[in-house]
Amino acid sequence: MAGSRQAAGSIHSAAAPGVLTIGKLATATGVSTDTLRYYEQMELIAPDGRSASGYRLYGLATSQRVRFVRQAQACGFSLPEIRQLLTLRADHAACCGGVRQLALEKKLRLEQKIRVMQEMSRALDQLIESCADETLTVDDCPILAALEQSRMQGSERHED
């Protein structure tokens, strides 16, 4: 992917200023080397080149890119969505509207998930309230009985 690839080439000196091995990049960005390899596999980052001994070498721009990926993840974006953001960022003809639309779609999906989780939380509150006597045997547990009853009602609906 052209937007995610930095200039590929062979960098023969790991001691060059601003050149990081995968281990140093991991330390600098706070992610594991496995995560960096996965980001590379997902075409989110690419090494600038390799050392004479074959080690991946990255520039400082890759460190900034990894931080971008982590920040986007913290906002709830998936790696494929982050790849879309990076593609838009690399497209100088693109405008902010495309990025805004991706962010808006993500927010709407998150709000829907929040509503579903709030419903789940309310259902759990009701189950917990129904079980005031913690000394009952599991055969008499109101939570298990309610779950069993709801499972049976669900199977009756599917039989229609």
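Which residues, taken from segment 28-42, are in a loop (DSSP other than H, G, I, E, B) and surrounded by fewer than 17 Cβ atoms within 10 Å (Cβ to Cβ)? GLY30, SER32, MET42, listed by residue number. Every listed requirement among (1) under 19 Å from VAL19 (Cα atoms); (2) out of contact with any Phe, Trp or Tyr (no Cβ under 6 Å at 6 or more places or on another chain) is met by ILE45 save one, (2). In this structure, is SER63 at pLDDT 95 or above and among the small types (Gly, Ala, Ser)? Yes, satisfied.
Taking the criterion of being at negative phi, without any contact (Cβ under 8 Å) to a residue 12 or more places away in the chain and not in a helix (DSSP H, G or I), the residues of segment 46-87 that qualify are SER53, SER78. If you filter segment 88-104 down to residues that are assigned to a helix (DSSP H, G or I) and in contact with a Gly (Cβ under 9 Å, 6 or more places away or on another chain), you find that the one that is farthest from THR21 (Cα to Cα) is LEU88. Summed over segment 36-61, residues that are in contact with a helix residue (DSSP H, G or I) (Cβ under 8 Å, 6 or more places away or on another chain) and farther than 16 Å from LEU79 by Cα total 5.
The values are calculated or read from the model by the stated rules, or taken from the named source; none is laboratory data. Please read all numbers here as calculations on a predicted model, not as lab measurements. Neighbour counts are summed over all protein chains in view; Cβ atoms, including those assigned to glycine, are modelled from backbone coordinates with ideal geometry.
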